[in-house]
């Protein structure tokens, strides 16, 4: 197992092709799809996504997408991302610089409310600013996703902007408001 980070309750490790079933199950959970309706659900496409995630480990030292394991159960419970915004298919220079690092996360409903998103996000952001030379972290969420917004606020991110995500319509989903939160390295260091 190629561990990226460990926290008190979590192991963030590199994906492998063996994770396709776990990620397919996670991405097809109706509770998660309510908040992230554009997730890839097709098993073959998810396998392609995992191969792309694996390629990030070579392309970006210290950045990528990680399978999240709950230490107490050893179960696969979710997903973290910490990647250059310009790498992502929905990159738009109106909403951030290509060099900004986007933080993303989602977890099984059984683990909601345990603080795992905050715990893992803090560790990832700290690692980014202290070891990777990250200059700015940003995150996005549907404006109705108050839990994800609260996590971003708890880790020190602040609202930068809002926009209507029209591209959702290309997936058969009504356009919705999205919020962008950000945290600069200088602001983070002053908060320590």
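The values are calculated or read from the model by the stated rules, or taken from the named source; none is laboratory data. Quick caveat: nothing in here was measured; it's all calculated off a predicted structure. Note: ideal-geometry Cβ built from the backbone for every residue, glycine included; neighbour counts use all protein chains shown.
Condition check ((1) touching a residue at least 24 places away in the same chain (Cβ under 8 Å); (2) in a strand (DSSP E or B); (3) touching a helix residue (DSSP H, G or I) at 6+ places or on another chain (Cβ under 7 Å); (4) at negative phi) across all residues:
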site	(1), (2), (3), (4)
18	no, no, no, yes
34	no, no, no, yes
48	no, no, no, yes
53	yes, no, no, yes
58	no, no, no, yes
61	yes, no, no, yes
68	yes, yes, yes, yes
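Only one of (1) closer than 26 Å to residue 17 by Cβ; (2) assigned to a loop (DSSP other than H, G, I, E, B) fails for residue 83. Which number is that?
(2)
What helices (runs of 4 or more DSSP H) completely inside segment 102-192 contain at least 2 residues that are closer than 22 Å to residue 29 by Cα and in contact with a helix residue (DSSP H, G or I) (Cβ under 9 Å, 6 or more places away or on another chain)?
Answer list for segment 102-192: 116-127, 146-154.
Got a sec? Which of 102, 153 is surrounded by fewer than 17 Cβ atoms within 10 Å (Cβ to Cβ), under 16 Å from the mean Cα position of the chain (by Cα) and without any contact (Cβ under 8 Å) to a residue 40 or more places away in the chain?
Answer to the selection: 153.
With the requirement that a residue be under 17 Å from residue 7 (Cβ atoms) and more than 17 Å from the chain's Cα centre (by Cα), what does segment 47-83 give you?
Within segment 47-83, 71, 72, 73, 74, 75 meet the criteria.
Within segment 12-35, is there a residue that is surrounded by fewer than 17 Cβ atoms within 10 Å (Cβ to Cβ) and under 14 Å from the mean Cα position of the chain (by Cα)?
Checked against the condition, which is being surrounded by fewer than 17 Cβ atoms within 10 Å (Cβ to Cβ) and under 14 Å from the mean Cα position of the chain (by Cα), segment 12-35 yields at least one hit.
Can you tell me which residue among 141, 117 is under 20 Å from residue 188 (Cβ atoms) and modelled with pLDDT under 95?
Going through 141, 117 in turn, just one is under 20 Å from residue 188 (Cβ atoms) and modelled with pLDDT under 95: 141.
From the set of residues in segment 174-192 that are farther than 19 Å from residue 134 by Cα and touching a strand residue (DSSP E or B) at 6+ places or on another chain (Cβ under 9 Å), which is modelled with the highest pLDDT?
Restricting to residues being farther than 19 Å from residue 134 by Cα and touching a strand residue (DSSP E or B) at 6+ places or on another chain (Cβ under 9 Å), the top hit is 179.
Among the residues of segment 86-99, which ones are in a loop (DSSP other than H, G, I, E, B), without any contact (Cβ under 8 Å) to a residue 24 or more places away in the chain and either over 21 Å from residue 168 (Cβ atoms) or out of contact with any strand residue (DSSP E or B) (no Cβ under 7 Å at 6 or more places or on another chain) (or both)?
89, 91, 92, 93, 98, listed by residue number.
Tell me, yes or no, whether segment 48-67 has at least one residue that is within 16 Å of residue 141 (Cα to Cα), at pLDDT 85 or above and surrounded by fewer than 17 Cβ atoms within 10 Å (Cβ to Cβ). Can you show your working first?
Let us first name the residues in segment 48-67 that are within 16 Å of residue 141 (Cα to Cα), namely none.
No, segment 48-67 contains no residue that is within 16 Å of residue 141 (Cα to Cα), at pLDDT 85 or above and surrounded by fewer than 17 Cβ atoms within 10 Å (Cβ to Cβ).
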